[in-house]
């Protein structure tokens, strides 16, 4: 069975109530939109604050890293300079100079009983040897060491006797000029 509904209210009151409910609905939707806008605005502000804090932290880390890099640049320059110096030293150590090979040859040819006063080698590889010899046999060994080709390892050398004298103590004082050819 169908229900019968009877409306005894006048139509003006019904229209008034319908307008009120419509107004309340519009008001509710407006407040919801305003609250949503406030929420979104506060969310945007909060994100902006978080991002600015993150940006500040990243900038601080960047500044620290830049400082470390600038500190390392000076260290790198020092290391580069030291590396170049080591390279130069290695070159000198690997390549035997003419003067050092002449010194080694002279050292090898001098008998052990000879007392060497000075050995001077200039850039043109000319050596001056001042020595004291205790006896004539050692003097002969010294001179033959420089003049006999088998003794001087096949090196072509020219020996000039500058001076030879004998002191009151019995020692011979000798001065040679030795030049490698």
Per the filter on region 130-148, residues in contact with a strand residue (DSSP E or B) (Cβ under 9 Å, 6 or more places away or on another chain) and loosely packed, with under 11 Cβ neighbours inside 10 Å are 136
Condition met for residue 75 (surrounded by 15 or more Cβ atoms within 10 Å (Cβ to Cβ) and within 38 Å of the chain's Cα centre (by Cα)) = no
If we ask which residues in region 108-129 are crowded, with 17+ Cβ neighbours inside 10 Å and either in contact with a strand residue (DSSP E or B) (Cβ under 6 Å, 6 or more places away or on another chain) or modelled with pLDDT of 90 or more (or both), their number turns out to be 5
Only strands (runs of 3 or more DSSP E) wholly contained in region 104-168 count here; list those with 2 or more residues that are over 15 Å from residue 180 (Cβ atoms) and within 46 Å of the chain's Cα centre (by Cα).
-> 115-121
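The values are calculated or read from the model by the stated rules, or taken from the named source; none is laboratory data. All of these numbers come straight from a predicted model, not from anything done at the bench. Quick reminder, even Gly has a Cβ in these numbers, built from the backbone with ideal geometry, and neighbours come from all protein chains shown.
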